[in-house]
Amino acid sequence: MTVNPPQLARAHGRAISNPVVQDGVDYAYDVVEGKILACKVVVKACERFLDDMERAESEERPFIFSVSRAQHVLDFVTKFCVHVKGKRWRGKPIDLMDFHVFILINVFGFVKPHLDEITGEHLTDDSGNLQYVRRFSHAVTYLARKNAKSAIASAVGLYMTEFDGEGGAEVYSAATTREQARIVFDDAAQMVKASLNLQQHLKTTDKSIFSESSYSRFMHVSADANSLDGKNVHCALIDEIHAHKTRDVYDVMETATGSRDQPLIFVISTAGVILDGIAIELKDYGMKILDKRIEQSEETDSFFFIWYTMDEEDMETDEVYRDPTLWFKANPALGVSKSIQDMKVLAKKALEQPSSRNNFQTKHLNIFVNGAFSWMDMQKYGKLKKSSTIKHDLLATLPYIISVDLAEKIDICAAVKTYWTDKGGLAFFSKFWLPEGRLDTCSDEMRERYERWAAYGWLKLTSGDAIDIETIKGDLIEWVKGSEDNLQEMAYDPWHATQFAISMNQKHGWQVVEVPQNVRNLNEAMKHIEGTVYSNKMYVDENEAFTWMMGNVNANRDRNGNIFPDKSSREYKIDGPSALFTGVSRIIRHTIADTVPEMPDNMGSL
């Protein structure tokens, strides 16, 4: 095939109604020539493609480029596949975007001679024509959310089921959980139901899409179903591989392709936070190929890789959260299938709330990051007003909660007194206790820190090697003296403080409430605190020990977007913030506040 450089530059993010192979070639030229904004990885992937097109025309010709095969898959997607989501789009033909075309012509266009493994002879069909099989047996694409990943994966799955010319094809949407595995499969099933063209070839049930004429089927499987073995895989679609903690699913699918002439492992995923999983292995291998750090071989020639992400220099400043132009690098469908305005809202949130940054970076900038991240913006926290500036007569009218974190018997213990207003304001004070014996077993750094805190009254050293529960009880009783009527309850973590709480209830009549340290309670509390801090509606304690601990709080995020606390290291304590989270969790229950309203004017400084 003769490829022609594009004559005119075109806008990034171009949707094409009836794409042809040249559209994908033009895309590669535009990226390499800088006419389309792309990250360095995508530039290298396009350079590899153009180099491979030259190799396909060379004398050695390890593979060739089949225009007819590449066009066949493009025609299938645009003429047979339809949108399945959205009132405006459902049932309408899919318009591929330029980068989709580029990926598809790569994966399906390059073919190599089909050789007899014993004799090495080029096999022929019944008519004597030379046979060719797909060059790429593995295709890995990393793409940010809402760039039509699932739609492309579903279309590829349907193509491989019936239109790839494979008799008895077995196609699987594979994942670690059945719920994840069903996403691509369900979209594909809905495509069949919404497309008259597909219905002429394929039927659907709840568990499979199948062809009676070719005896082929498309199913979903998951690692938790214990059903991965015994497959004869023609194509495995692995969605969101970033969530795979092990390579089990990938390995089983790959191993099961052994009896197929031109199988395909098709991986399409966003980046994630598991930095020692199969997603990173595939990324590292793909980067070695693109960077030419490993010698070209039959193995490297069978591996397609592209990663839409940000360049390192883009992440050196906060400009990446302010400049929508940069986002196109990770989101080539931005402005088409992905809303620029929605991303602006998410970027603003990530800029203002550090706990949102990892989520934004993985899902929308397509960067692999550590799952734990620094939670609190300590610069903003340091600018908050101090609780000591609140007028005493106002505090005397406000309800408050005492929350305790009684850690291990030889370590630091914390209590926090948190006030709240009926308009969403928060103010807190803290106390800490530590057995003197701990000074002999901790690091020099921590001993100096503990001694300084004790000298300033921020930490109380108790006699002995274990925590002095009676001293803590006495100090708490003294702490609430004169304001007992405003004390709503004592909230505690049941892990270490159950007996302590029972005693405070039975001997002193305090209302005590157990607060399990689960994701629900901690996520709600941490996000509520974020809201008050970023709205300047929280008054904070001047206790240096608490401030130091607040800076130690890292956060993890689960797949549902919930956050929960972690500490950066064993010695970098977070007992004070943990107690605050426990108390604020109960305040949320008291106020049922969904937002953080304005702080009343009279909570100003003296």
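The values are calculated or read from the model by the stated rules, or taken from the named source; none is laboratory data. Note that this is a predicted model, so its numbers are computed, not measured. With ideal geometry, Cβ positions are generated from the backbone for all residues, glycine too; neighbour counts draw on all protein chains shown.
Looking at ARG135, is it in the same structural domain as PHE63 (by TED's automatic domain parsing), of a type in the set (D, E, K, R) and modelled with pLDDT of 95 or more? So that I can check it myself, show each step before the final result.
On the way: in the same structural domain as PHE63 (by TED's automatic domain parsing): yes; of a type in the set (D, E, K, R): yes; modelled with pLDDT of 95 or more: yes.
Yes; evaluated as a whole, the condition is true for this residue.
Determine whether segment 227-235 contains at least one residue that is within 25 Å of GLY167 (Cα to Cα), in a strand (DSSP E or B) and touching a strand residue (DSSP E or B) at 6+ places or on another chain (Cβ under 9 Å).
Taking segment 227-235 first, the residues within 25 Å of GLY167 (Cα to Cα) are 227-235.
Now drop any that are not in a strand (DSSP E or B), which leaves 235.
From what's left, touching a strand residue (DSSP E or B) at 6+ places or on another chain (Cβ under 9 Å): 235.
Yes, some residue in segment 227-235 is within 25 Å of GLY167 (Cα to Cα), in a strand (DSSP E or B) and touching a strand residue (DSSP E or B) at 6+ places or on another chain (Cβ under 9 Å).
Residues that are under 16 Å from the mean Cα position of the chain (by Cα) and assigned by TED's automatic domain parsing to the domain that holds HIS242: list the helices (runs of 4 or more DSSP H) wholly contained in segment 266-363 that include at least 2 such residues. Full working, then the answer.
On the way: elements: 278-290, 298-301, 324-327, 340-352, 357-363.
Result: 278-290.
Would you point out the residue of segment 231-251, among those that are more than 28 Å from LEU198 (Cβ to Cβ) and not polar (S, T, N, Q), that is modelled with the lowest pLDDT? I'd like the intermediate steps shown before the answer.
If we filter segment 231-251 for residues that are more than 28 Å from LEU198 (Cβ to Cβ), which is where we start, we get 242-248, 250-251.
Then keep just the ones that are not polar (S, T, N, Q); that gives 242-245, 247-248, 250-251.
Values: HIS242: 93, ALA243: 89, HIS244: 90, LYS245: 83, ARG247: 87, ASP248: 88, TYR250: 93, ASP251: 92.
Applying the filter and picking the extreme gives LYS245.
Given the structure, is ALA497 among the hydrophobic types (A, V, I, L, M, F, W, C) and touching a helix residue (DSSP H, G or I) at 6+ places or on another chain (Cβ under 6 Å)? If you could, list the steps in order and put the result at the bottom.
Working: among the hydrophobic types (A, V, I, L, M, F, W, C): yes; touching a helix residue (DSSP H, G or I) at 6+ places or on another chain (Cβ under 6 Å): no.
No; evaluated as a whole, the condition is false for this residue.
Quick check on this structure: which one of TRP548, TRP495 is over 19 Å from PHE428 (Cβ atoms) and in the same structural domain as LEU384 (by TED's automatic domain parsing)? Break it down into steps so the answer makes sense when it comes.
Numbers: TRP548 fails: over 19 Å from PHE428 (Cβ atoms).
None of the others qualify; the one that does is TRP495.
Only one of (1) without any contact (Cβ under 8 Å) to a residue 40 or more places away in the chain; (2) surrounded by 22 or more Cβ atoms within 10 Å (Cβ to Cβ) is not met by ILE241, so which one is it?
(1)
Would you mention how many residues in segment 185-236 are without any contact (Cβ under 8 Å) to a residue 40 or more places away in the chain and buried (at least 22 other Cβ atoms within 10 Å of the Cβ)?
4
Kindly evaluate GLU542 against the criterion of being in contact with a Ser or Thr (Cβ under 7 Å, 6 or more places away or on another chain), assigned by TED's automatic domain parsing to the domain that holds LYS460, surrounded by fewer than 17 Cβ atoms within 10 Å (Cβ to Cβ) and farther than 18 Å from PRO494 by Cα. Spell out how you get there, then give the answer.
On the way: in contact with a Ser or Thr (Cβ under 7 Å, 6 or more places away or on another chain): yes; assigned by TED's automatic domain parsing to the domain that holds LYS460: yes; surrounded by fewer than 17 Cβ atoms within 10 Å (Cβ to Cβ): yes; farther than 18 Å from PRO494 by Cα: yes.
Here the answer is yes, as GLU542 does meet what is asked.
Looking at segment 96-151, which of the residues that are among the β-branched types (Val, Ile, Thr) and in a helix (DSSP H, G or I) is surrounded by the fewest Cβ atoms within 10 Å (Cβ to Cβ)?
From segment 96-151, those among the β-branched types (Val, Ile, Thr) are 101, 103, 105, 107, 111, 118-119, 124, 133, 140-141; that's our starting set.
Restricting the remaining residues to those that are in a helix (DSSP H, G or I) gives 101, 103, 105, 107.
Numbers: VAL101: 26, ILE103: 23, ILE105: 28, VAL107: 21.
Looking at residues that are among the β-branched types (Val, Ile, Thr) and in a helix (DSSP H, G or I), I get VAL107.
Can you pull out the residues in segment 155-179 that are closer than 19 Å to PHE304 by Cβ and in a helix (DSSP H, G or I)?
Correct list: ALA155, VAL156, GLY157, TYR159, MET160.
Would you check if ASP224 is farther than 25 Å from GLN262 by Cα and charged (D, E, K, R)? Steps first, please.
Values: farther than 25 Å from GLN262 by Cα: yes; charged (D, E, K, R): yes.
When the stated conditions are applied, ASP224 passes them.
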